[in-house]
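What follows is a set of notes on a single structure, which appears directly below.
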Amino acid sequence: MIVRWAAAVLSALGMAAAAQAEDAAGQIRAHAGEHRVIVLGERHGTREVPALVRELIEAYAADGLPVRLALELPTSENPALAAYMASTGTAEARTALRGTAYWNVRGRWHDGRRNEDVLDLVEAARALRARGRDVQAFGFDRVLPAALAGTGARDRAMAGKVRARARALPGNGRLLVLTGNLHGMRTQPEWLAYPPMTALLIYNIHIEARSGESWACTAAQRCGARPVGNGGAGSSRRDTADDRSYDLSVWLPVFSVARLLDGGPG
C-alpha cells in the first residue's frame with residue numbers, strides 16, 4: 001500500500017511539472033511572438049528547464065514550423081548529435097551519443113550540463129524528426145585555449161556559431177538557444193570585462209525558479225547543489241530603462257537537480 005501511494009504521489013508530481021512546463025511554454029510563445037531567434041538563459045543542471053524547452057520545441061513543431069535546437073555543447077559533439085538525430089533512438093545509439101569524452105567525466109566536477117535530462121531533450125527532438133517534423137539539434141560552444149579565458153573569445157565564438165545558424169534558418173522557423181544565464185544576458189554587467197554572447201544576438205529569456213536547487217560550480221571550482229529563488233511570480237517583462245538584460249523573465253515554481261551523468265569517483 002505504501003509503495004502504491006508513493007507511486008501515485010510521484011505520478012501526480014510528474015503531471016504537475018508537465019503542466020507547469022506547458023504553461024510556461026505558452027507564456028514564452030505568446031511573448032516571443034514572431035521572433036525567430038530565442039535565447040533561453042538557464043541555471044545549468046535542473047530537470048525543469050530541459051522539460052520546458054521540450055514543450056517549446058513540440059509546440060513550435062506542431063505549428064508546422066522548422067525548429068533548430070542550439071545547445072551549449074562543444075561543436076566537437078555535432079557529428080555524434082547528427083548521427084543520433086538520424087538514428088532510430090535505440091539503446092545502442094544513445095550509448096554512442098553519450099560515449100564521447102565530453103559526457104564522461106570523473107566524478108561530478110562539471111557545471112551540470114552533462115545530465116540525462118539534456119539527453120532526454122535531444123531524444124525528444126529526434127523523435128519529432130522521426131515523425132517528419134523539421135527539427136535539428138546542434139552544439140555551439142567552443143573549447144578554446146586556456147590563455148583566452150576571460151577575454152570574451154568564447155562568447156564571441158559562440159555568438160558567431162549561433163548567428164550562422166540563424167542565417168540558415170528557414171523563413172518561418174525558430175532557433176531556440178539554450179545557454180547559461182550569463183551567456184544569455186543582452187547587456188554587459190559592470191563586473192564582466194567583455195560582452196556576453198547574447199549582447200550580439202536578439203530575443204532572450206531568463207528562466208528562474210522561486211525555490212529548489214540547481215547544480216552549479218563556484219569560482220573555486222567547488223561543484224554541488226545550490227539553493228535558488230529570490231521571489232517572483234509568474235512571468236514578467238523586464239523593460240525598465242536600467243534593466244534590459246532580458247526581454248522576459250520566467251519564474252517556475254521549483255527547480256530540482258538534474259540527473260547528472262557521473263563518470264565515477266574523482
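The values are calculated or read from the model by the stated rules, or taken from the named source; none is laboratory data. No experiment lies behind these values; they were computed from the predicted model shown. All Cβ positions, glycine included, derive from the backbone under ideal geometry; neighbour counts span all protein chains shown. In case anyone asks, the SASA skips ligands and DNA or RNA and just uses the protein heavy atoms, side chains included. Shrake-Rupley method; radii C 1.70, N 1.55, O 1.52, S 1.80 Å.
For segment 14-35, the set of residues classified as touching a helix residue (DSSP H, G or I) at 6+ places or on another chain (Cβ under 7 Å) and open to solvent by 60 Å² or more (accessible area, probe 1.4 Å) consists of Glu22, Arg29, listed by residue number. When Ala80, Ala127, Ala147, Ala96 are screened for being over 18 Å from Met197 (Cβ atoms), open to solvent by 20 Å² or more (accessible area, probe 1.4 Å) and touching a Ser or Thr at 6+ places or on another chain (Cβ under 7 Å), only Ala80 passes. Evaluate the following for Arg54: is it open to solvent by 60 Å² or more (accessible area, probe 1.4 Å), in contact with a helix residue (DSSP H, G or I) (Cβ under 7 Å, 6 or more places away or on another chain), in contact (Cβ under 8 Å) with a residue 40 or more places away in the chain and under 20 Å from His110 (Cβ atoms)? No.
Kindly establish whether Thr88 is out of contact with any helix residue (DSSP H, G or I) (no Cβ under 6 Å at 6 or more places or on another chain) and touching a residue at least 24 places away in the same chain (Cβ under 8 Å). Answer is yes for this residue.
Of note, Gly173 does not satisfy the criterion of being on the phi > 0 side of the Ramachandran plot and of a type outside the set (S, T, N, Q). Selection of first residues in segment 26-37 that are over 16 Å from Tyr246 (Cα atoms) and of second residues that are among the hydroxyl-bearing types (Ser, Thr, Tyr) and open to solvent by 60 Å² or more (accessible area, probe 1.4 Å), restricted to Cβ pairs under 7 Å at least 6 apart or on distinct chains, gives an empty result.
Filtered by the rule that a residue be charged (D, E, K, R) and either surrounded by fewer than 18 Cβ atoms within 10 Å (Cβ to Cβ) or assigned to a helix (DSSP H, G or I) (or both), segment 150-179 gives Arg154, Asp155, Arg156, Lys161, Arg163, Arg165, Arg167. For the condition under 27 Å from Ala219 (Cα atoms), open to solvent by 50 Å² or more (accessible area, probe 1.4 Å), out of contact with any Ser or Thr (no Cβ under 7 Å at 6 or more places or on another chain) and not basic (Lys, Arg), Asn104 qualifies. Residues in segment 120-134 that are in contact (Cβ under 8 Å) with a residue 40 or more places away in the chain, under 14 Å from Arg54 (Cβ atoms) and not in a loop (DSSP other than H, G, I, E, B): Asp120, Leu121, Val122, Ala124, Ala125, Arg126, Leu128, Arg129. Every test in (1) at negative phi; (2) at pLDDT below 95 is passed by Gly112 save one, and that test is (1).
Criterion first (closer than 22 Å to Arg98 by Cα, open to solvent by less than 10 Å² (accessible area, probe 1.4 Å) and not in a loop (DSSP other than H, G, I, E, B)) does Leu40 satisfy it? Taking the combined requirement at face value, the residue does not satisfy it. Of the residues Leu81, Leu65, Leu56, the single one that is at pLDDT 95 or above and not in a helix (DSSP H, G or I) is Leu65. Of the residues Arg222, Arg244, Arg238, Arg259, which is at pLDDT 90 or above and of a type in the set (Lys, Arg)? Unique residue meeting the criteria: Arg259.
Put simply, of Ala137, Ala164 the only residue that is on the phi < 0 side of the Ramachandran plot, among the small types (Gly, Ala, Ser) and free of Cβ contacts under 8 Å to residues at least 60 places away in the same chain is Ala164.
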